[in-house]
């Protein structure tokens, strides 16, 4: 699944570690999300979108 997590994270000046801490996951989870190697649960997708100040629809594409 393609996403804009890295783009939006860097625009906000957040590191992978900072984003991971804010959503309650390990940094490796953020790495895998950004690489499209991990499909998040709905709860995680919502949490990431909230921290990145966007909607889930704008964050993930197919």
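The mean sequence separation of alpha-carbon pairs under 8 Å and at least six residues apart, normalised by the residue count of the chain, gives a relative contact order of 45 percent. Legend: ranking of residues 26, 9 from fewest to most surrounding C-beta atoms inside 10 Å; resulting order 26, 9. Computing mean projected area of the Cα convex hull in nm² for the structure here picks out one of (1) 3.4; (2) 5.9; (3) 4.5, namely (1). Computed from label points 7 Å out along Cα-Cβ, the spacing between residue 41 and residue 61 is 2.8 nm.
A short reminder: the numbers here are calculations on the coordinates, not readings from a lab. Values in this document were obtained by computation on a predicted structure and should not be read as measured data. With ideal geometry, Cβ positions are generated from the backbone for all residues, glycine too; neighbour counts draw on all protein chains shown.
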